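We did not get these values from a lab; they are worked out from the coordinates using the rules stated. Please read these numbers as outputs of a predicted model, since none were measured by experiment. Every residue, glycine as well, gets a Cβ built from its backbone with ideal geometry; the counts of neighbours run over all protein chains shown.
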């Protein structure tokens with residue numbers, strides 16, 4: 001057997017991090033180098049890491065997984081990022097892939113699927129669970145059709161809505177775009193009015209109809 005795949009986990013949930021660690025450590029093809037409970041902790045260490053694959057959560061306090069990939073990829077171009085998350089929203093999927101992620105799995109995937117995905121991504125593949133793949137294909141089929149978010153919302157409102165879809169707090173959205181939290185609240189009110197909805201969940205459902 002060849003050299004084991006040097007792998008890192010970034011996951012804020014202690015139980016899930018332990019489960020992921022156990023699954024990866026049990027596979028003889030994989031060498032688990034480290035696990036981190038936040039994106040910020042990972043970014044602090046990334047320059048010194050000799051990891052080949054990073055299993056990355058998205059919804060974390062501090063720097064979320066999408067931004068973590070976006071910041072780390074230029075510093076470690078050869079590092080491959082496998083997103084592991086509960087989100088199955090096309091907007092979040094494309095954010096992660098555009099940021100530099102190579103694969104995308106939902107957290108309900110069995111351990112053997114995770115370890116196989118790490119190996120596949122190391123071989124040059126782009127693993128995705130069937131549910132995620134279907135969402136991507138469905139979104140690509142509708143790529144040419146103008147979406148409600150493009151025809152109704154301003155560019156900044158679209159950015160704020162993407163943040164809401166990613167599960168970010170108002171403060172995190174404000175920090176990401178360099179604006180005040182009251183400005184974010186104003187954009188959210190405008191989004192709700194234009195989409196004729198009353199909650200984050202309704203706005204996401206209307207703006208991203210394929211995310212079901």
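At what distance in nm do the modelled label points of residue 112 and residue 177 sit from each other, each positioned 7 Å from its Cα along Cα→Cβ?
About 4.6 nm separates the two model spin labels.
What percent do you get for the relative contact order of the chain when only Cα pairs under 8 Å and 6+ apart count?
Details: 320 pairs, mean separation 34.7, N = 212.
Here the relative contact order equals 16 percent.
At 7 Å along Cα-to-Cβ for each site, give me the label-to-label distance between residue 16 and residue 126 in nm.
2.3
Compute the projected area of the convex hull of the Cα atoms of segment 9-123, averaged over all viewing directions, and report it in nm² to one decimal place.
6.3
What is the packing order of peptides 192-200, 100-108, 167-175, taking the mean over residues of other C-beta atoms within 10 Å and listing the highest first?
100-108, 167-175, 192-200
Once both axes come from the Cα atoms, what is the angle between helix 130-141 and the longest principal axis of the chain, in degrees from 0 to 90, rounded to 10?
For helix 130-141, the angle is close to 40 degrees.
Specify the inter-centroid distance of segment 170-212 and segment 50-99, based on alpha-carbon positions, in whole Å.
Cα centroid of segment 170-212 versus Cα centroid of segment 50-99: 22 Å apart.
With Rg and the Kirkwood Rh both taken from Cα atoms, where does Rg over Rh land for the chain?
Rg/Rh for the chain comes to 0.99.
Can you order the peptides 31-41, 49-59 by their average number of other Cβ atoms within 10 Å per residue, highest first? All intermediate terms of the calculation are to be shown ahead of the outcome.
Details: 31-41: 18.7, 49-59: 22.9.
Taking the mean over residues of other Cβ atoms within 10 Å, the ranking is 49-59, 31-41.
Given the rule -39500 (n - 2.57) for each run of at least 4 DSSP H residues, summed and divided by the residues of the chain, what is its mean residue ellipticity at 222 nm, to the nearest 500 deg cm²/dmol?
It lands at -15000 deg cm²/dmol.
Convert 25 °C to kelvin, take the viscosity as 0.890 mPa s, use the Kirkwood radius over C-alpha pairs of segment 68-107 as Rh, and evaluate the Stokes-Einstein diffusion coefficient in µm²/s, rounded to a whole number.
For the chosen part, D equals 239 µm²/s.
How tilted is helix 155-165 with respect to the longest principal axis of the chain? Cα atoms for both, answer in degrees (0 to 90, nearest 10).
Once rounded, the angle reads 50 degrees.
Could you give the length gained by full extension between residue 159 and residue 186, i.e. 0.36 nm per residue of separation minus their alpha carbon distance, to one decimal place?
That pair, residue 159 and residue 186, stretches by 8.4 nm at full extension.
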